[in-house]
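The values are calculated or read from the model by the stated rules, or taken from the named source; none is laboratory data. What you are looking at is a predicted structure, and each value in this text was computed from that prediction instead of being measured. Here the Cβ positions follow ideal geometry from the backbone for every residue, glycine too, while neighbour counts run over all protein chains shown.
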Amino acid sequence: MTGAPTQAELAAARLVLDRMGVTAEDLLNSIKPPAPTFAEYIPIVSAAVSDGTRRAYTPYWNRVLDQWAHISLSDRSPTDIQRLVQHSKANLTVRRNTRNGNSAAEHLIAALRCLYRHAVNDELIDERSNPAAKVAKPRRQPSNRRALSGRQMDQLNDIVATTGNDPQLDSLIIRFHTETAARRGGALALRPKDLDEEQCLVYLREKGETSRWQPVSPTLIWHLLQHVEHRGAPMNGRLLRHANGTQITYHRYDYLWNRVGENLTWAGKQGVSTHWLRYTTLTWVERHFGYAVARAYAGHNDSNTDAGSTTTYIRATVEEVARALAALTGEHHPLAA
């Protein structure tokens, strides 16, 4: 062709493309430069997500890098992802709470979906070419966690307070989670500036960038303030500290629960962890104060429930949560009058 195509020629070209099932967008995408490799793109996404997302997905992104570091994102298919999932399950590190690798498979697929979702948003791949979106997650199995009995809680507290290299710290951690039903991330993110001594409240910042003021007992608020004073926690730094003043990490929890499992056979066999304390407290609150108060106590909001729109009208107040806490601890709370 020496000149611009005529309308008849363009119409003929459209007809041919239509019969082939090809769009003009497909032709444009075909001349795009290749998508970056996993080694190039994972650090970019890792820097863009929240700290909690990065902590959750980094182990799975590392597995992807072990297998696909120098492969382009556009060169993987749903079948490739399914093969990687099966490879990860076959080479899974077996722990006491391992359940056929389904949880690891679910998290690996979620990590890849996060990666490809950013690639689609960055227009590095077409949304229809997203292989991670076409791989189904395994069905989530019911949790084995349950509420601990009073006798089990007594045994647990006794072991924590009488063993280990820092019983004072570990006892404070257990008391904090028992009263607040907070997740590990909420305790680790706690700062001295998050304590309201007058109203006996702590400001919890947990997963999904949620936050709330949570009532705690006068005894716990006093011990938290003593911990700040004796271990030198800065106002804007992490509150929970080792005896030498360094901030604790998730490794402290691993050390604590491994010790509990070594000393309490039932705890070791069942894989008791911090989240069991959350189950224990919330079960007690629900039984004695109802679903709405337990829901508020847990820090659940309207976006993370499938219970329907009725939950909009049954929100409990912080005063109701304080009354539940006062009954749980047997201590007066300023907001529970």
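Points to keep in mind about this one:
- Enumeration of residues in the stretch 161-199 that are surrounded by 15 or more Cβ atoms within 10 Å (Cβ to Cβ) and of a type in the set (A, V, I, L, M, F, W, C): 169, 172, 173, 174, 176, 181, 182, 187, 188, 189, 190, 195
- Meets criteria (outside any loop (DSSP other than H, G, I, E, B), within 26 Å of the chain's Cα centre (by Cα), in contact (Cβ under 8 Å) with a residue 12 or more places away in the chain and surrounded by fewer than 14 Cβ atoms within 10 Å (Cβ to Cβ)) for residue 208: yes
- One residue alone among 216, 260, 228, 202 is in contact with a strand residue (DSSP E or B) (Cβ under 9 Å, 6 or more places away or on another chain), farther than 18 Å from residue 182 by Cα, surrounded by 15 or more Cβ atoms within 10 Å (Cβ to Cβ) and at pLDDT 95 or above, and that residue is 228.
- Among the helices (runs of 4 or more DSSP H) confined to the stretch 45-146, the ones with at least 2 residues that are modelled with pLDDT under 90, within 18 Å of the chain's Cα centre (by Cα) and surrounded by fewer than 15 Cβ atoms within 10 Å (Cβ to Cβ) are located at 51-68.
- Residue 224 being of a type outside the set (Gly, Ala, Ser), assigned to a helix (DSSP H, G or I) and farther than 25 Å from residue 147 by Cα: yes
- Checklist (1) touching a residue at least 40 places away in the same chain (Cβ under 8 Å); (2) at positive phi; (3) of a type outside the set (Lys, Arg) applied to residue 108, failing item: (2)
- Residue check for residue 24: modelled with pLDDT under 80, more than 30 Å from residue 272 (Cβ to Cβ) and outside the structural domain of residue 211 (by TED's automatic domain parsing): yes
- The lone exception for residue 317 - which of (1) of a type outside the set (A, V, I, L, M, F, W, C); (2) touching a strand residue (DSSP E or B) at 6+ places or on another chain (Cβ under 8 Å); (3) at pLDDT below 95 it fails: (2)
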